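Participant: I have a structure I would like to understand better, so I am pasting it below and will then ask my questions one at a time.
The values are calculated or read from the model by the stated rules, or taken from the named source; none is laboratory data. What you are looking at is a predicted structure, and each value in this text was computed from that prediction instead of being measured. Cβ coordinates were reconstructed from backbone atoms using ideal geometry, including for glycine residues, and neighbour counts include every protein chain displayed. We work out accessible area using only protein heavy atoms, side chains counted, and drop any ligands, DNA or RNA first. Shrake-Rupley method; radii C 1.70, N 1.55, O 1.52, S 1.80 Å.
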Amino acid sequence: MRIGVDLMSIPRFAEVAAHPRYRTLVFTPVELEQAARMGAERSLERLAGRFSVKEATCKMLGRGFGQGLRWRDIEVTNDDWGAPLVTLGGGAAEIAEEAGLEEIVVTLSHQADLVVAVAAAACARPPRPFRRAATPAASVVPARFDELAALAADLFSVPTTEVATAASFAGDLGVTSVVVIELLARIEHRYGIRIPEAGIYRMTDLPRTYGVVAEAAGW
């Protein structure tokens, strides 16, 4: 049996839910269409809950941001009784099949400004460990690298030295997927660029993030 749990701040998710582009990176057309039927407050609450279920499911699969799956590989709808229902596709489906996962059961609960989600499934074997492919080192402009480190450190609330030396934002600094999207927003605003979706999933540490930004900005 494998279990994943996620706790989400609804107000913290508001910027992602409202942004025309970022919401389409995270949610499928079906998820967005269902949320659009509701008023603004209920729509935000629903999308935050759906994102929390996605995060709990990722944890249950033993994977995190940028580790072989995309947010839209996990679609959260409802069954005939109104309970949340998870459908896997893409990389998420491949990971589940390799691990011999049976039906995924999810539940979520809202309380004040928080939502908590739990995902569980019987598992024949542990999910295969993720092996990140090596990427060529980008030619670094020290001033740009330091500026990017400072931007991330301010958002993560850690010293720049910790950002620069972390092998993984998530693993070493506890950075969540929502914070990664916030970092994306700050970077795109600061440098006036648009990072392609494939690049976003490479933003897992500072050197890789610098490489993604350098490609988009033409440094």
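Participant: Of a type in the set (D, E, K, R) and open to solvent by less than 50 Å² (accessible area, probe 1.4 Å) - does that describe any residue in region 201-209?
Facilitator: Taking every residue of region 201-209 in turn, at least one turns out to be of a type in the set (D, E, K, R) and open to solvent by less than 50 Å² (accessible area, probe 1.4 Å).
Participant: Among the residues that make up region 14-22, is at least one of them touching a Ser or Thr at 6+ places or on another chain (Cβ under 6 Å) and open to solvent by less than 10 Å² (accessible area, probe 1.4 Å)?
Facilitator: no
Participant: Answer yes or no: is there a residue in region 38-47 that is under 12 Å from the mean Cα position of the chain (by Cα), closer than 15 Å to Ser177 by Cα and open to solvent by less than 50 Å² (accessible area, probe 1.4 Å).
Facilitator: Among the residues of region 38-47, not one is under 12 Å from the mean Cα position of the chain (by Cα), closer than 15 Å to Ser177 by Cα and open to solvent by less than 50 Å² (accessible area, probe 1.4 Å), which makes the answer no.
Participant: For region 172-216, name all the residues that are small (Gly, Ala, Ser) and without any contact (Cβ under 8 Å) to a residue 60 or more places away in the chain.
Facilitator: Hits for region 172-216 are Gly174, Gly192, Ala198, Gly199, Ala216.
Participant: If we keep just the residues of region 88-105 that are β-branched (Val, Ile, Thr) and open to solvent by less than 80 Å² (accessible area, probe 1.4 Å), which is farthest from Ala198 (Cα to Cα)?
Facilitator: Ile104
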